[in-house]
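A.B. asks: Sharing a structure, written as structure tokens. Questions coming.
The values are calculated or read from the model by the stated rules, or taken from the named source; none is laboratory data. Note that this is a predicted model, so its numbers are computed, not measured. Reconstructed Cβ throughout: ideal geometry from the backbone, glycine too, with neighbour counts over all protein chains shown.
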Amino acid sequence: MILLFIAEFFLGLAIVVLTLYAVRHYVFALCRLALRRPRDYMELTGFALPRTTVLVPMHNEEAVAADILQALVECDYDRTRLEVLAINDNSEDRTGAIIDDYAARFSIVRAIHRHQGAGGKAAALQEATRQATGEVLLLFDADYFPGPSMVKQLVAPFSDPQVGAVMGRVVPHNTDKTLLAALLGLERAAGYQVGQQARYNLGLTPQFGGTVGGVRVSALNSVAGWNTESLTEDTDLTFRLVLHGWKVAYVNRAECYEEVPETWPARERQIARWATGHTDCLHRLWPALLSSRSLSLTEKVDAFFVLCCYLTAPILILGWLASLVLFFSPQMHSVPILAVAMLFVGYQIFGNQATFFELGIAALLDGMNRRVLLMPCNLFNFFASTSAISKALLRFYLGKVWGSGGPGWYKTRRFRTNGKERPFANGSSTAPKLFSQGADGIYTYSRSGD
Amino acid sequence: MPDVIPWRFILFAILFAGLLYLQFFLAHRQWRRIKGQQTSEIDVGYVRMEDYLAQSFRRKVKEWLQLPATIRNDRERTILKGSETIRVITGGIEFASGEQCDDILVVEGDFTCGPGCLFGREILVKGNARIGPGARLQSMAVDGDLTLDWDVKVARWLDCTGELTLGVNCLVGARVTSTGLIRLGLGAQAGSMYAPRVATMAWDGTSLNQETPEMAKLPGIAFSEAAVAAREAIENAGFDVQKLIQLGSDAWLYKGDLRLLSPLRLQTKLVVKGKCDLPDGCVLEADIHADGALNVGANSICRGNLISGKDIHLGVGSKFAGLIHADGNVRLGQGTRGFKDDGMVVAYAGEVLEVERDVAIKGKLAAGGRVIVESAEAAEARGASASGASDD
């Protein structure tokens, strides 16, 4: 009887939780279609030029280091108000030499070499932040391709004194390499084009993703800087900022290429880190979120949806197991099995449709209608992710019980090398020069044949 | 009968399996199509430019002019590009009143048209241009000065390299850009206006951003833990210290509406979680954000940015040197100046940006809805003075 009661409880929990998330998918997708953007920061691009420091943490990034530094030195931001801090974080390859080369050639680039101290991105950022001279910090991972106007686009929202952090949009450039990369391209599109933008439209908190984004130095200092203990220092910072009263802005048009994992093992390690980091944030921040006076009830509900999102994977697995137990049980139960089973099957249709609906809307908004044909294959990604997240969270909770740590910080594997497979149409290792700046800051095109 | 049921089941199973297979078949076919081809192309070279449409048109014309042409007469040749006809006119041209043209025009001299003309396609003029009253245009790029008489309607954009004059009640659907000066007549409307100088007709050329002697004596308000704890100076300025919360080292948050009665010099960034009314003659050295309406009194100086979740009203004779951004409407009072020594300013309204008389800025006026220069009737209704009448 106890086993049946437990099974009924978990099945009910799975149905309730997953249905709530399904409703959320629908709400976001419909709001993304229906609601106007609250503030068009694109109209401010180029008019707000605070002193800005771009941080690029690099750990064994010789494959991609030159590309990101080249892209940054070619950006159209006022050189007198820009510095690039390239952080060589305990690299064992040629990353340090590449950084030194750029620092020697470009006065806006400064090299920071870390050979001791705590490892991990947050620790590297913490050290670089102490040396930064900008009032705004922008962050790019080493495998990103910021366009020439990216810095201007990302700093524009900081003209609003209540904005503590800004997030741009990442778009995978290697979606043609493997089916997994293509599916992750769909997932990213839904996450940014629909999820982040809808959240911003609704006055909720878009998530600062730790790359293709920025943070105001005074805001960062007000929440005691980066959390070097967190595996997802970006999520951690997002919620500490909003708890303190700051807002996070999202700029959908600030698009930047990134590289998504092309292999399942790389994807598994990436999502395991995210799941652990998110859930760890939930455990640390939930009391503050509940008692916060700076967040509205809807913001609090959304914050819990965000921080609990990875818990849905083990809850779903428990729901599956519970339904098996109930199905094969010869006894009668307090809850009619048929009704529960119908509800669960209903969720499978409803829930998946909600996710697919969000993916479809994102593809539609991006003008990539035919990409929706790939969606059936997303089932593979769904099962692989569910398994990887559940394993990671099991390790995380066992670690909590036995006093050991969960998975450590893992740097996502890079699949390209400097100047190779770049998305620039001219095939060169540098971004095409499209403009020249004249008197009074007016830009004119210099690209021919366009 | 019993043997019918298995057949039905088998048919159903086949149909189900077929549909299941079909979705994966289509997915696999799509994957084979996109494999090896970047599907999520973004413009990595994207640079936001206010005069993008005009520059793009000029580039296209440059390419078209390389194509073979048919000589019509000693002053005109025609180029056919697909379904487009491009008429290239050597020297100037003058269209009589009411004339109509549906070809793309490239005029290598001055361009003039009389009242009520209709031009259905883009025009590039390599001299000066003057458009007669009531004319209708698609778009126009001018390598010189461009003057629109009253009631001209432009469906898309205007661009010139010299002085651009929008006459009374002119309407431009999208952008108006110039690398020189844009002059705005009463009742003129556009999506945005961008130039090193954008001014209403009566602008005397002054930027007037210096402080008055009275402003030099204003009490400076810089929030800090010590200043808030001391209370006196902050409370004397009109703030309720109980509502002040420190956001960061350079920014404070005020919970509730803020209504100050005496002018001050604000030196710390302030976020007001309500509406914010500031009296005449303030000096705002730092950014202000208000969730509600933000009203800045007359003759104030705003060196920081002004942001509002609703409307912003900048009082008569105010000066700003940063960004003005409202989700709702923005109204720039008579005599407003927006100038900055080391860059450009911008005033943007999510809905309507209304400009009163004698306003001048260096930069951009833009709106999600429309930028509207106050009409003569509205000015009169506001009790416009006789000197205002000469603004037109």
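A.B. asks: Against the condition in contact with a Lys or Arg (Cβ under 8 Å, 6 or more places away or on another chain), crowded, with 23+ Cβ neighbours inside 10 Å and of a type in the set (A, V, I, L, M), how does B:L164 come out, does it pass?
C.D. replies: yes
A.B. asks: Still on this model: Of all residues in the stretch A:107-118, which are assigned to a loop (DSSP other than H, G, I, E, B) and surrounded by fewer than 16 Cβ atoms within 10 Å (Cβ to Cβ)? Step through it out loud before you land on a result.
C.D. replies: Keep residues of the stretch A:107-118 that are assigned to a loop (DSSP other than H, G, I, E, B), which gives A:107-108, A:115-118.
Matches in the stretch A:107-118: A:S107, A:H115, A:Q116, A:G117, A:A118.
Rundown of residues vs (1) under 30 Å from B:R121 (Cβ atoms); (2) at pLDDT 85 or above; (3) within 14 Å of chain A (Cβ to nearest Cβ); (4) more than 32 Å from the chain's Cα centre (by Cα), yes/no style:
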site: B:P6; (1), (2), (3), (4): no, no, no, yes
site: B:Y21; (1), (2), (3), (4): no, yes, yes, yes
site: B:V61; (1), (2), (3), (4): yes, yes, yes, no
site: B:Q66; (1), (2), (3), (4): yes, yes, yes, yes
site: B:I71; (1), (2), (3), (4): yes, no, no, yes
site: B:G82; (1), (2), (3), (4): yes, no, no, yes
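A.B. asks: Report whether or not B:G144 is out of contact with any helix residue (DSSP H, G or I) (no Cβ under 9 Å at 6 or more places or on another chain), in a strand (DSSP E or B), within 30 Å of B:P115 (Cα to Cα) and not basic (K, R).
C.D. replies: Answer is no for this residue.
A.B. asks: Please find, within the stretch B:290-305, the residue that is surrounded by the most Cβ atoms within 10 Å (Cβ to Cβ) out of those that are outside any loop (DSSP other than H, G, I, E, B) and aliphatic (A, V, I, L, M).
C.D. replies: Among residues in the stretch B:290-305 that are outside any loop (DSSP other than H, G, I, E, B) and aliphatic (A, V, I, L, M), the one surrounded by the most Cβ atoms within 10 Å (Cβ to Cβ) is B:A290.
A.B. asks: Looking only at the stretch B:259-289, which residues are within 10 Å of another protein chain (Cβ to nearest Cβ) and either in a strand (DSSP E or B) or over 26 Å from A:A249 (Cα atoms) (or both)?
C.D. replies: Selection gives B:K269, B:L270, B:V271, B:V272, B:I288, B:H289.
A.B. asks: Right, next: Say we look at the stretch A:127-145 and pick out the residues that are within 13 Å of chain B (Cβ to nearest Cβ) and over 15 Å from A:N221 (Cα atoms); which of these is nearest to the chain's Cα centre (by Cα)?
C.D. replies: Residue satisfying both the conditions and the ranking: A:Y144.
Residues are listed down the side, and each one gets a yes or a no for (1) within 19 Å of B:G109 (Cα to Cα); (2) touching a residue at least 40 places away in the same chain (Cβ under 8 Å); (3) in contact with a Pro (Cβ under 6 Å, 6 or more places away or on another chain):
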{"residue": "B:D149", "(1), (2), (3)": "no, no, yes"}
{"residue": "B:D159", "(1), (2), (3)": "yes, yes, no"}
{"residue": "B:E163", "(1), (2), (3)": "yes, no, no"}
{"residue": "B:V172", "(1), (2), (3)": "no, no, no"}
{"residue": "B:L184", "(1), (2), (3)": "no, yes, no"}
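A.B. asks: Tell me yes or no: at least one residue of the stretch A:216-228 is touching a helix residue (DSSP H, G or I) at 6+ places or on another chain (Cβ under 8 Å), assigned to a loop (DSSP other than H, G, I, E, B), at pLDDT 90 or above and closer than 26 Å to A:V27 by Cβ.
C.D. replies: Among the residues of the stretch A:216-228, not one is touching a helix residue (DSSP H, G or I) at 6+ places or on another chain (Cβ under 8 Å), assigned to a loop (DSSP other than H, G, I, E, B), at pLDDT 90 or above and closer than 26 Å to A:V27 by Cβ, which makes the answer no.
A.B. asks: Another question about this same structure. Restricting to the stretch A:180-200, name every residue that is polar (S, T, N, Q) and away from chain B (no Cβ under 13 Å).
C.D. replies: Matches in the stretch A:180-200: A:Q196, A:Q197.
A.B. asks: Still on this structure, I have one more. From the residues in the stretch A:18-49 that are over 23 Å from the mean Cα position of the chain (by Cα) and away from chain B (no Cβ under 14 Å), which one is farthest from B:A347 (Cα to Cα)?
C.D. replies: Taking the candidates together, the pick is A:T19.
A.B. asks: Now, a different point. Somewhere in the stretch B:177-189, is a residue touching a Phe, Trp or Tyr at 6+ places or on another chain (Cβ under 6 Å) and either in a strand (DSSP E or B) or at pLDDT 95 or above (or both)?
C.D. replies: yes
A.B. asks: Any idea which of A:V151, A:V170 is in the same structural domain as A:T52 (by TED's automatic domain parsing), within 13 Å of the chain's Cα centre (by Cα), within 30 Å of A:R94 (Cβ to Cβ) and among the β-branched types (V, I, T)? Walk me through how you get there before you give the answer.
C.D. replies: Working: A:V151 fails: within 13 Å of the chain's Cα centre (by Cα).
After applying the criteria, what remains is A:V170.
A.B. asks: Turning to a different aspect of this structure: Hey, can you tell me all the residues within the stretch B:107-134 that are surrounded by 20 or more Cβ atoms within 10 Å (Cβ to Cβ) and out of contact with any helix residue (DSSP H, G or I) (no Cβ under 6 Å at 6 or more places or on another chain)?
C.D. replies: Answer for the stretch B:107-134, where residues must be surrounded by 20 or more Cβ atoms within 10 Å (Cβ to Cβ) and out of contact with any helix residue (DSSP H, G or I) (no Cβ under 6 Å at 6 or more places or on another chain): B:V107, B:F111, B:C113, B:C117, B:F119, B:I123, B:V125, B:A129, B:I131, B:G132.
A.B. asks: Pairs please, first residue from the stretch A:204-220 and closer than 19 Å to A:R188 by Cβ, second anywhere and in a loop (DSSP other than H, G, I, E, B), Cβ atoms under 7 Å, 6+ apart in sequence or on different chains.
C.D. replies: Pairs found: A:T211/A:F140; A:T211/A:D141; A:T211/A:Y144; A:V212/A:F140; A:V212/A:Y144.
A.B. asks: Now a separate question. Confirm whether B:L260 is crowded, with 18+ Cβ neighbours inside 10 Å and either under 33 Å from the mean Cα position of the chain (by Cα) or free of Cβ contacts under 8 Å to residues at least 12 places away in the same chain (or both).
C.D. replies: No.
A.B. asks: Check A:T53 against each of (1) within 14 Å of chain B (Cβ to nearest Cβ); (2) buried (at least 18 other Cβ atoms within 10 Å of the Cβ); (3) of a type in the set (S, T, Y) and name the one condition it does not meet.
C.D. replies: Tallying (1) within 14 Å of chain B (Cβ to nearest Cβ); (2) buried (at least 18 other Cβ atoms within 10 Å of the Cβ); (3) of a type in the set (S, T, Y), A:T53 fails exactly one: (1).
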